[in-house]
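What follows is a single structure, written as structure tokens, with notes after it.
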Amino acid sequence: MSNTKTPAATIADSNVVSKYKAAADVTNSAVRKVLAACKEGAKIIDLCKLGDAAIEVGLSKQYTKDKKMSKGIAYPTSVSVNTVVCHFAPGDNDDGAEQALATGDVVRVQLGAQIDGFAAVVGETVVVGASESNPVTGRAADAIAAAHYAGEAIQRLLKP
């Protein structure tokens, strides 16, 4: 037996950075598709399947020459509506899977992809039916703004 250790992969390696970027591209593309489908009447299970399928399709186009490279879903698509805090990724027969979105619902979408173990995960919040001509108001707007400002405050507290 040899005691030689394989050096840990870090972002100092350009191949690692490339894999992170490719996973992020797939993830960002998938979340855009799910957010675009968050319309009145869309079912949670259909949105989750759409996100997972978009990840699989996107990954099938990455690193096609290396058949042994691990690629897949790092974080299954979850769609959490209103009072569901996070991580709702139902199966076909789960309670709430057939719930349809309604105008005014606050929807949190999270999903992620990995290439060779290097994962990119993203989360976005959208309000069904909101637009520039129909802005979010009231308690939903207050909650979203509070979460945004809390995130900014936390970022300022982080030290490099």
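Below is a table of values for the structure above.
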| quantity | calculated |
| --- | --- |
| Sequence of 139, 108, 32 when ordered by accessible area, the most exposed leading, probe 1.4 angstrom | 139, 32, 108 |
| GluC sites (Glu not before Pro) restricted to the stretch 57-160 and DSSP loop, no more than 11 other C-beta within 10 Å | 132 |
| Charge dipole magnitude, Cβ of K and R +1, D and E -1 - the chain, Cα centre, debye nearest 20 | 760 |
| Accessible area per residue, Å², the stretch 78-160 with all protein chains present, probe 1.4 Å | 64 |
| Set of lysines with alpha-carbon distance to residue 19 below 23 Å, sequence-local pairs under 8 removed | 5, 33, 61, 65, 67, 68, 71 |
| Spin-label model distance (nm) - residue 60 vs residue 121, 7 Å beyond Cα toward Cβ | 2.6 |
| Square roots of five times the Cα gyration tensor eigenvalues for the stretch 1-97, Å | 33, 16, 13 |
| Length gained when the stretch residue 40-residue 102 is fully extended (0.36 nm per residue, less Cα-Cα span) | 21.9 nm |
| Spin-label pair residue 53/residue 86, simplified geometry with 7 Å Cα→Cβ offset, distance in nm | 2.8 |
| Helix-derived mean residue ellipticity, 222 nm - over the chain, DSSP H n ≥ 4, -39500 (n - 2.57), to 500 | -13000 deg cm²/dmol |
| Sites residue 158 and residue 15, calculated FRET efficiency, Cβ-Cβ separation with R0 41 Å, nearest 0.05 | 0.90 |
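The values are calculated or read from the model by the stated rules, or taken from the named source; none is laboratory data. Only a predicted model underlies this, so the values are computations on that prediction, with no experimental measurement involved. Methodologically, a virtual Cβ is constructed for each residue, glycine included, from the backbone with ideal geometry; neighbour enumeration extends over all protein chains shown. Accessible surface areas use protein heavy atoms only, side chains included; no ligands, DNA or RNA. Shrake-Rupley method; radii C 1.70, N 1.55, O 1.52, S 1.80 Å.
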